[in-house]
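To keep things clear, I will list the structure first and then write my remarks on it.
The values are calculated or read from the model by the stated rules, or taken from the named source; none is laboratory data. Please read all numbers here as calculations on a predicted model, not as lab measurements. Here Cβ is always computed from backbone atoms with ideal geometry, including for glycine, and neighbour counts include all displayed protein chains. These accessible areas exclude ligands, DNA and RNA; they are computed on the full protein's heavy atoms, side chains included. Shrake-Rupley method; radii C 1.70, N 1.55, O 1.52, S 1.80 Å.
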Amino acid sequence: MNMAPHDTLTRADLSHLRAQFPILSEKVHGKPLVFLDSAASAQKPDVVIDAMSTMMRTQYANIHRGLHWMSERATEAYESARTRVGEFLGASSREEIVFTRNSTEAINLVAYSFGSLLKPGQAVLISEMEHHANLVPWQMLRDRVGIELRVAPITDTGDLDLEAYGRLLSDGKVALVAITHMSNVLGTVTPAEQLVAMAHDAGAKILLDGSQAVVHRKVNVAELGADFYTFTGHKLYGPTGIGVLWARRELLDAMPPFLGGGDMISSVTFEASTWAPVPAKFEAGTPAIVEAVGLGTAIDWVENIGFEAIGAHEATLTAHALKVLPDVPGLNIVGRPKERGGVVSFTMDDVHPHDIATLLDRNGIAVRAGHHCAEPLMRRLELTATARASFGVYTTQAEIDVLAQTLTRIRSFFV
Amino acid sequence: MLNVVDLYGEQIVQRARKPLFAGVTEKATGTAQGSNPMCGDRVKLSLRATDACIAEIRHQTRGCAICMASADLMAQTVVGQSPAKALELAARFSNMLENGSTEEEAHESAVLPPALEVFLPLKSHRSRVRCATLPWTALGEALTQ
């Protein structure tokens, strides 16, 4: 059944959607799986599993080099996935899409390649709520090239401190802003258009880490006006092993290659090599062919549901969680940002997040607990760890109620 | 009804709630800090020992129930023992949880003092083993300074 895009998900839609995820009928410790860890990695619908399996069964070969039918079909499938991703992000051409392993690799590519064009005296500006993936590559660049790494603070509500952001840009030394489009811990959706405009006014380029954001909202890089955008397939109901870097064509053209090898060259002699045009210049070696096709299928699947419906559904779920979770004795919601996606972090007085996660797991409920690869943010929040419930398109309000009820029982078990 | 894990026995919950060996040892001869970067658990140990005997041991633990209870039951187990015996116990405890000798084997060879048997269910919770071994790692450091 095709669902015509509309602005909300009915109960029937949701039940139809859930039926497409085989894993959701699994039991964990004898209980129905309540999967509230989609921000770490989302589950996969049948269409994605089938597309990948079908390709491996019927249409698989290496791409870009074979002169035979199978290779040509596989190349077509891989390159149509690129086209599909380009349309999905609103890229001005398909050549602006570089496939990587994940968002982390996409950011590392920019840090290495664009970063090699930076000079001491220039700065990269990140925020206090970055995932380690958008922090460590810039520290490595700082140590390699001698640039300055600046950190824009957040407010106590978990929003980016825009005044401080402006101040950090004001001396014109920032060459690149690299900032999350949605925090994986606080759920904060950053005001991307404003961040882009302020960065550009200060003469800086801007990279948005869209790993969380693309799952929850329609992203159009042209409308955002950004220079780089990254995301990963596995959070978008696609497979692992495939991520995306979008960048403006002129930036990609000016940037040196990241990895060297086959497919990224134009010609090679022992003395020197010349580079293939983008995006091949950045895709050395055999890429994740089947995974790219899986991602293309996942995008089709998501767009068939429609971001209006997905956004409305997740907003309802988040509002519901923010209503019922605070009624759990001792529970504290971490962060109250102005605009947020379907991610809710919390702590509970007298119960450590890891004990929460283990006991929830025994009751069939999967959440994440720990520092969520954002240690500096934890320090800023004066926490060592939180528990985090995150929602996907298949999450139901009833599951959030089960979470709240189980948390209440866990709390009374410990206190 | 809450499906409670075998792991969270009364002893563990009690010790996590009200540790008996929390604090700082006066005139300590050895101190160490263990931390688990994955979850932020941290154990600060201080002890006073001669070659023959650990006279006093205290811990300041910030962490989950397993880590807290493990630090406390460890202190209870090794106080009065020789440092050599405590180190041997530390090795056995970690080895049992990490390399997983079976529960039966553990009982048969009486490898562990009864107070530590509450941690045996950890063998089926691999992701939490480090919570229990962290205090023992710190103990090794405090005794070998």
(message) I need the strands (runs of 3 or more DSSP E) fully contained in the range A:307-396, keeping only those with at least 1 residues that are farther than 18 Å from A:GLY187 by Cα, within 14 Å of another protein chain (Cβ to nearest Cβ) and in contact with a helix residue (DSSP H, G or I) (Cβ under 8 Å, 6 or more places away or on another chain).
(response) A:343-348
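Looking at the range A:342-362, which of its residues are among the polar types (S, T, N, Q) and surrounded by fewer than 24 Cβ atoms within 10 Å (Cβ to Cβ)?
Answer for the range A:342-362, where residues must be among the polar types (S, T, N, Q) and surrounded by fewer than 24 Cβ atoms within 10 Å (Cβ to Cβ): A:THR347, A:THR358.
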(request) Quick one: count up the residues across the range A:11-35 that are open to solvent by 70 Å² or more (accessible area, probe 1.4 Å) and assigned to a loop (DSSP other than H, G, I, E, B). (result) 2
(message) Restricting to the range A:36-59, give me the number of residues that are among the aliphatic types (A, V, I, L, M) and assigned to a helix (DSSP H, G or I).
(response) 7
(request) Select from the range A:36-53 the residues that are over 21 Å from A:ALA387 (Cα atoms) and hydrophobic (A, V, I, L, M, F, W, C) and write down the one among them that is least open to solvent (accessible area, probe 1.4 Å). (result) A:VAL48
(message) Every residue in the range B:18-43 that is without any contact (Cβ under 8 Å) to a residue 60 or more places away in the chain and either under 19 Å from B:LEU116 (Cβ atoms) or surrounded by 19 or more Cβ atoms within 10 Å (Cβ to Cβ) (or both), please.
(response) B:LYS18, B:PRO19, B:LEU20, B:PHE21, B:ALA22, B:THR25, B:GLY40
(message) The conditions are (1) within 22 Å of B:CYS64 (Cβ to Cβ); (2) open to solvent by less than 30 Å² (accessible area, probe 1.4 Å); (3) out of contact with any Phe, Trp or Tyr (no Cβ under 8 Å at 6 or more places or on another chain), and A:GLY311 fails exactly one of them. Which is it?
(response) (1)
(request) Determine the pairs where a residue that is in contact (Cβ under 8 Å) with a residue 24 or more places away in the chain and within 10 Å of B:GLY140 (Cβ to Cβ), located within the range B:79-96, has a partner that is β-branched (Val, Ile, Thr) and in a helix (DSSP H, G or I) with Cβ atoms under 7 Å apart, the partner being 6 or more residues away or on another chain. (result) B:ALA86/B:VAL78; B:SER94/B:THR133
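Consider A:ALA226 carefully, then state whether it is buried (at least 23 other Cβ atoms within 10 Å of the Cβ) and touching a strand residue (DSSP E or B) at 6+ places or on another chain (Cβ under 8 Å).
Values: buried (at least 23 other Cβ atoms within 10 Å of the Cβ): yes; touching a strand residue (DSSP E or B) at 6+ places or on another chain (Cβ under 8 Å): yes.
Considered against the rule, which asks whether it is buried (at least 23 other Cβ atoms within 10 Å of the Cβ) and touching a strand residue (DSSP E or B) at 6+ places or on another chain (Cβ under 8 Å), A:ALA226 comes out as yes.
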(request) Name the helices (runs of 4 or more DSSP H) wholly inside the range B:1-111 in which the number of residues that are at pLDDT 95 or above and within 14 Å of chain A (Cβ to nearest Cβ) is 2 or more. (result) B:65-78
